[in-house]
Amino acid sequence: MKAGVLALQGAFREHREVLDALGVEAVEVRVPEHLGGLDALFIPGGESTTIGKLLDTSGLREPLHAALTGGLPVFGTCAGLILLADDVRDREDAHASTALGVLDCTVVRNAYGRQRESFEARLAVDGLDDGFLGVFIRAPVVERVGDAVEVRAVHHGHPVLVRQGTIWAATFHPELSGDLRLHQRFLTEGTQ
C-alpha cells in the first residue's frame, strides 16, 4: 500500500510518522505528480485557509479534486475535514469558501474556540474497543451531515468522525493521540 500525505502546511509529519509506524509506504504530496499511484491520501490539520491557497499555488486543486471524485480514498483531519466539506462557515455563520467540496456536510471553522480552548476527550468510536482519545485543537464543528454520510463518533451531540464512502473525516487529530487504530482502520476499511 502507498499512502500520500498532503504536505503543504500543518501536521503532515505526524501523519507520516503514524504511517511509518504502520509499515505503510508514505509519500509527501506537494505537486500534482505526487498523486500518481496512491492507494489513499491523508489531509492533515493546520490552517485551512492557508492550505486552500497552497492548493492553488502548487497546482494541486484540480488534480486533487479529480482524484477524490474519481474514488481516491481520503482521510481529512481537522483542517482536512474543512477542506473536504461542501459547506464551510466561520464562527459568525458567514459562508466561507471551501477548497474541494466532496463531503456532504456543513462545518463551522474553529467552533470550539481559540488555541487556549483546545482539549482532549475520550470518544466512543464505532468498531473500536476502549474508545479513542480525541485531540481537539481549534477544531471545527460538524453541524449537518447529508444522508450518505455515516457518523462514526459524536462529542456533545456533534459528529466528530464521519464517513461518506471512501471519504473519512475527523474534527480532531488522531495523528496526535499516540493510537494508530484509526489510521489502520481507514487503510483497511476505507480503501475498499
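The values are calculated or read from the model by the stated rules, or taken from the named source; none is laboratory data. Source: prediction; values computed, not measured. Quick reminder, even Gly has a Cβ in these numbers, built from the backbone with ideal geometry, and neighbours come from all protein chains shown. Surface accessibility is based on the protein's heavy atoms, side chains included, excluding ligands, DNA and RNA. Shrake-Rupley method; radii C 1.70, N 1.55, O 1.52, S 1.80 Å.
Some points to look at:
- The stretch 1-74 holds strands (runs of 3 or more DSSP E) entirely within its bounds, and those carrying 2 or more residues that are under 24 Å from Ser177 (Cβ atoms), open to solvent by 30 Å² or more (accessible area, probe 1.4 Å) and at pLDDT 95 or above map to 25-29.
- Considering residues of the stretch 97-115 that are part of a strand (DSSP E or B), open to solvent by less than 20 Å² (accessible area, probe 1.4 Å) and not polar (S, T, N, Q) only, the residue modelled with the lowest pLDDT: Val108
- Restricting attention to the stretch 155-180, the residues that are in contact (Cβ under 8 Å) with a residue 12 or more places away in the chain and within 16 Å of Val107 (Cβ to Cβ) add up to 15.
- Within the stretch 172-189, the set of residues being surrounded by 17 or more Cβ atoms within 10 Å (Cβ to Cβ) and in a helix (DSSP H, G or I) comprises Pro174, Glu175, Leu176, Leu182, His183, Arg185, Phe186, Leu187.
- Applying the set (1) open to solvent by 60 Å² or more (accessible area, probe 1.4 Å); (2) closer than 18 Å to Thr69 by Cα; (3) touching a Phe, Trp or Tyr at 6+ places or on another chain (Cβ under 9 Å); (4) not hydroxyl-bearing (Ser, Thr, Tyr) to Ala148 leaves exactly one unmet item: (3).
- For Val142, the requirement of being open to solvent by 10 Å² or more (accessible area, probe 1.4 Å), in a strand (DSSP E or B) and modelled with pLDDT of 95 or more is not met.
- A single member of Ala21, Ala7, Ala79, Ala85 is within 21 Å of Phe172 (Cα to Cα), among the small types (Gly, Ala, Ser) and more than 17 Å from the chain's Cα centre (by Cα), and it is Ala21.
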